[in-house]
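Asker: Provided herewith is a single structure, encoded as structure tokens, for subsequent inquiry.
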Ligand SMILES: [Zn+2]
């Protein structure tokens, strides 16, 4: 079942009028690049085609995809079983159109040959000719000698996979049939390698993260040690402050004692002053008595 279907307005009346430049002008650059690579690697297999319709399969990087492309009511309708979100055509549909154009051009330049030269040539017929039954399965193309080549290739290939070495080269250059299977095996092996690479990357990341976590733990421990030191310093400081407070309290007591003494001294001074004035009075009285006595002595008649 095709997963992606696209309808593109298209004025071409026959599919072979869709030249690569036109396809390139509407396709995403990256998709077109990959598609051209697929064509070069002969991964496209056109199983049935005429002027307005192509049925095909393609060996992609993640498996085999089916395409149905046709011209209808002024539209190019393409459907592919992939889920690659490329608009308006996925890389696989582009590759099929490129391969179809290449093949159609070849057909026109040698009109005498209507039979495909090799299994890679699509079993194609134009609509103005009677249609022979379409080739339904690639198995029909495979000869016994190819099967033997495949079996021969499989043994070193299995060993290579076991030892994680690169797969041996394909024993046949012809596309389709056995070489399609070999391509599929190679594609699976590539994916396994990619997965391993991802695993290695993830492991390296995990190691980095663990190292980072260890560094963080060390920093945390250092911070905690600093905190403990700071707490000890703070406790010492608190003790000192308490000592100062006690000293200040004593100083306050001493000050009030000094004030009391001061008051006592003032009182004593006042008392002394009072006593002084009393003595003055006594002295005055004494003087008066003396003067009186003196006067009385003078007035007394001399014998
Ligand atoms: Zn596709």
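Asker: Could you check how many residues of the stretch 165-190 are without any contact (Cβ under 8 Å) to a residue 24 or more places away in the chain and outside any helix (DSSP H, G or I)?
Answerer: Within the stretch 165-190, residues that are without any contact (Cβ under 8 Å) to a residue 24 or more places away in the chain and outside any helix (DSSP H, G or I) number 8.
Asker: Report every pair of residues separated by at least 6 positions or lying on different chains whose Cβ atoms are under 9 Å apart, first residue within the stretch 191-202 and over 17 Å from residue 167 (Cβ atoms), second assigned to a helix (DSSP H, G or I).
Answerer: Once the first residue is over 17 Å from residue 167 (Cβ atoms) and sits in the stretch 191-202, no partner that is assigned to a helix (DSSP H, G or I) comes close enough.
Table: residues versus (1) within 11 Å of the ligand (Cβ to nearest atom); (2) free of Cβ contacts under 8 Å to residues at least 60 places away in the same chain; (3) in a loop (DSSP other than H, G, I, E, B).
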site	(1), (2), (3)
58	yes, yes, no
67	yes, no, no
70	no, yes, no
77	no, no, no
83	yes, no, yes
88	no, no, yes
94	yes, no, no
97	no, no, no
102	no, no, no
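Readers should treat all values here as calculations from the given coordinates under stated rules, not as data from a laboratory. The model shown is predicted, which means the values in this text are computed figures rather than measured ones. Note that we place each Cβ from the backbone using ideal geometry, even for glycine, and neighbour counts take in every protein chain shown.
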